[in-house]
Amino acid sequence: MATENNDLPVRAYQKQFIGLMQTVFGVQSTFTPTFGALQALDGIQNNAIAFSVKANDVPVAVGAYNPNPNVAFGTGTSNSNRFGPMQEIIYSDIDVPYSFGWSFNEGIDQLTVNTDLDSAVADRLNLQAQAKTRLFNSQLGAYLVASAAADLGEVTDVNKVFEAASERYTDLEVVVPVRAYVTAEVYNAIIDHALVTSAKGSAVNIDENGIVRFRDIIVTKTPARYMAGKSIAFAPDNVGSSIHGD
């Protein structure tokens, strides 16, 4: 009957695509170390706000305890305390919007597809997940480049750039691993650099002819198409999130 298949493809494949998208993203995403695994939201009803967070930026103030007899006691009984001024902590609600949208428009006619319908759907969903992951890679790479806090120098001298980055992240007291996403050209320049030895704070995988660390910064070779026109992008691991709404 005509009513038996109404909207069946949507109900049958929507959640399958979300699961497939997360799997493909986990394997093919370039910036997973920084943004983590893809968080998928099914059946979203708010297409503007992805999620909300509560945060406050009040710095911790460490003061000196004041044992003066006229502080909190004596003449200061009602108008002072021995810990200094009290800072009120208030969290603000911050809405995080979606950064970009996506769509695909394909149709399968069971009479003309010339293969098993379920196989054709699975093939197309897999290809769409791969294309979406590449889109994520481009967007996340552009975000990292746009968020860069400082110009660390010309990439013609990779040692100087990594040295400056190492100093900067040390001074910022970043306690998680720091990673450098680099193009193949920069990656090869690092491998060929005269300072790439274990004594200089680098780690090389001889079997794969690849470098793992340079100046104690993890090195990840990245396709140039995802680097938004730059050759190096530094970022601490696990400082962001990727959210997919369907």
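Assuming R0 = 41 Å, can you tell me the calculated FRET efficiency for the pair Gln28 and Glu167, based on Cβ-Cβ distance, to the nearest 0.05?
After rounding, the FRET efficiency stands at 0.75.
Heavy atoms only, probe 1.4 Å: what % of the accessible area of segment 91-131 goes to carbon and sulfur, would you let me know?
Its accessible area is 45 percent carbon and sulfur atoms.
Step through the residues of segment 228-244 one at a time and calculate ³J(HN,Hα) from phi using the Karplus curve (6.51 cos²θ - 1.76 cosθ + 1.60, θ = phi - 60°), rounding each to whole Hz and writing x for Gly and Pro.
Running phi through 6.51 cos²θ - 1.76 cosθ + 1.60 with θ = phi - 60° gives 6, x, 9, 9, 9, 9, 9, 7, x, 6, 6, 10, x, 9, 10, 10, 10 Hz.
The values are calculated or read from the model by the stated rules, or taken from the named source; none is laboratory data. Remember, it's a predicted structure, so these values are computed and weren't measured experimentally. Quick reminder, even Gly has a Cβ in these numbers, built from the backbone with ideal geometry, and neighbours come from all protein chains shown. For the accessible areas, the whole protein counts, side chains as well, though only heavy atoms, and no ligand, DNA or RNA atoms are used. Shrake-Rupley method; radii C 1.70, N 1.55, O 1.52, S 1.80 Å.
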